[in-house]
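This report refers to the structure that appears directly beneath it.
The values are calculated or read from the model by the stated rules, or taken from the named source; none is laboratory data. These numbers come from a predicted model, not from an experiment. Note: ideal-geometry Cβ built from the backbone for every residue, glycine included; neighbour counts use all protein chains shown. Heavy atoms of the whole protein, side chains included, go into the accessibility calculation; ligands, DNA and RNA do not. Shrake-Rupley method; radii C 1.70, N 1.55, O 1.52, S 1.80 Å.
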Amino acid sequence: VQLQASGGGVVQAGGSLRLSCAAAGYRFSIATMGWYRQAPGEQRELVATITSGGNTNYADSVKGRFTISRDNAKRTMYLQMNSLQPEDTGVYYCNSAPSRGAYWGQGTQVTVSS
């Protein structure tokens with residue numbers, strides 16, 4: 001199983017980024033998936049989830065700013081992040097929800113400057 005997150009970068013506060021998660025060797029279409037992030041010195045936290053049918057849930061801190069989506073045909077999940085704030089800085093990972101230890105990839109760094 002390989003879940004590869006990409007699309008991170010450096011952006012100013014108020015800017016936007018779109019993350020992608022490509023799945024390989026995994027029954028992606030039937031899985032509930034999630035985006036997670038880990039800020040420097042903090043524990044990893046769940047940011048958003050999406051079921052196989054497209055039902056979504058968000059952490060309170062990102063509601064109204066982030067949108068999770070998926071394309072089962074492309075075996076890819078996305079996270080559209082708008083109105084980014086410095087507190088959104090961190091490494092973003094994709095995984096199943098609940099997460100599985102063996103599925104963690106390297107993540108993608110998001111840095112929001114003030």
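From the list 112, 62, the lone residue that is surrounded by 14 or more Cβ atoms within 10 Å (Cβ to Cβ), assigned to a strand (DSSP E or B), in contact with a strand residue (DSSP E or B) (Cβ under 8 Å, 6 or more places away or on another chain) and of a type in the set (A, V, I, L, M) is 112. Within region 24-60, the only residue that satisfies the criterion of being touching a helix residue (DSSP H, G or I) at 6+ places or on another chain (Cβ under 9 Å), over 14 Å from residue 90 (Cα atoms) and touching a residue at least 24 places away in the same chain (Cβ under 8 Å) is 26. Which of the residues that make up region 33-48 are at negative phi and either at pLDDT below 95 or open to solvent by 50 Å² or more (accessible area, probe 1.4 Å) (or both)? Listed by number, the residues that qualify are 38, 40, 42, 43, 44, 45, 46. Checking each residue in region 1-16 for being of a type in the set (A, V, I, L, M, F, W, C), in contact with a helix residue (DSSP H, G or I) (Cβ under 9 Å, 6 or more places away or on another chain) and open to solvent by 30 Å² or more (accessible area, probe 1.4 Å) picks out 1, 13.
Each residue in region 3-23 was checked for being out of contact with any Lys or Arg (no Cβ under 7 Å at 6 or more places or on another chain) and closer than 15 Å to residue 94 by Cα, and 9 pass.
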